[in-house]
Every structure is written in structure tokens, then in C-alpha cells.
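Input: a single structure, listed below in C-alpha cells.
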Amino acid sequence: MLLALFVALLALAGIVIDGGAKLNQAENANAIAQEAARAGAGFVDQANAYANGSFTVDQAQAMAAAQQYLASAGYHGTVTAPTPDTIRVTVTVTSPTRVLSIIGIDSMTSTGSATASLVTGVTGPGQ
């Protein structure tokens with residue numbers, strides 16, 4: 001009986017400790033995705049801007065910058081440009097568990113994603 005109670009208590013502690021770490025990891029994945037998207041969205045297609053006066057993201061440079069940000073931060077992810085003025089980054093973070101590894105759960109995975117849009121001019125009240 002005491003052994004069963006100890007195992008249950010240990011499993012509960014594992015859920016609390018590793019569950020909190022999973023929440024922190026998910027927040028971190030979203031933050032990394034947001035920063036990588038911002039790093040890429042600032043690259044304007046200069047040829048298009050000079051020729052037409054319209055501002056769009058230089059997709060090749062933007063995707064390369066976002067990938068470089070992920071690599072320098074030590075993360076892996078995917079970078080796409082769904083529209084001419086946006087960049088989307090998805091990051092997957094995997095880390096080992098601290099307590100739940102005792103019952104065979106050795107790692108946790110979290111995914112975060114973010115989209116950054118190129119905005120020009122004044123976009124607030126009074127535009």
C-alpha cells in the first residue's frame with residue numbers, strides 16, 4: 001500500500017514538474033518563432049519598391065534571415081512566405097523530461113509558430 005502511494009505521489013510530482021517545464025517550453029517555442037519571423041519580415045524587395053512603389057517582402061532574403069536566426073539560436077524550424085508581404089515560422093522544441101523519465105516518458109515536444117507582416121506607413125488613428 002505504501003509503495004503504491006509512493007509511486008502515485010512520484011507520478012503526480014512528475015506531472016507537476018515536467019508539466020510546468022512543458023508550458024515554459026511551449027512559450028519559448030512561440031517566442032523563438034516570433035523573433036525569427038520578425039528577423040525575416042524586415043527584408044523589402046527593393047527592385048519592386050523602386051519599380052512600382054509597392055513594398056513586399058524579399059522572400060528569398062527573408063526566409064534565409066529567419067533560418068539564420070533559428071540556426072544561431074540553436075533551433076530547427078520551417079520558414080514559409082504564404083503571401084508577398086508575410087513570413088511564417090514554425091519551430092519545434094524537444095527537451096528531456098526530469099521526472100517522468102522514470103515511467104518511460106523521456107522527452108517532451110512543443111511547437112510554436114508566428115507570422116510577421118511587412119507594414120509600411122502609418123497604420124494607426126489618423127493615418
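A short reminder: the numbers here are calculations on the coordinates, not readings from a lab. Remember, it's a predicted structure, so these values are computed and weren't measured experimentally. As a convention, Cβ positions derive from the backbone with ideal geometry for all residues, glycine included, and neighbour counts pool all protein chains shown.
Among the numbered conditions (1) in contact with a strand residue (DSSP E or B) (Cβ under 9 Å, 6 or more places away or on another chain); (2) more than 16 Å from residue 85 (Cα to Cα), the only one that residue 17 does not meet is (1).
Are any residues in the stretch 61-80 of a type in the set (A, V, I, L, M, F, W, C) and more than 16 Å from residue 115 (Cα to Cα), and if so, which ones? Before you say what the answer is, go through the steps one by one.
Filtering the stretch 61-80 for residues of a type in the set (A, V, I, L, M, F, W, C) gives 62-66, 70-71, 73, 79.
Listed by number, the residues that qualify are 71, 73.
Condition first: free of Cβ contacts under 8 Å to residues at least 40 places away in the same chain and over 17 Å from residue 94 (Cα atoms). Now tell me which residues in the stretch 1-26 satisfy that. Give the derivation first.
The initial filter retains those residues of the stretch 1-26 that are free of Cβ contacts under 8 Å to residues at least 40 places away in the same chain, namely 1-9, 12, 16, 19-20, 23-24.
The answer is 1, 2, 3, 4, 5, 6, 7, 8, 9, 12, 16.
Collect the residues in the stretch 72-98 that are in contact (Cβ under 8 Å) with a residue 60 or more places away in the chain, in a strand (DSSP E or B) and polar (S, T, N, Q), keeping them in residue-number order. Hits for the stretch 72-98 are 92, 95. Among residues of the stretch 60-71 that are over 22 Å from residue 48 (Cβ atoms), those with a beta-carbon under 6 Å from a residue that is of a type in the set (A, V, I, L, M, F, W, C) and part of a helix (DSSP H, G or I) at least six positions away or on a different chain give the pairs 69/36; 69/39; 70/36.
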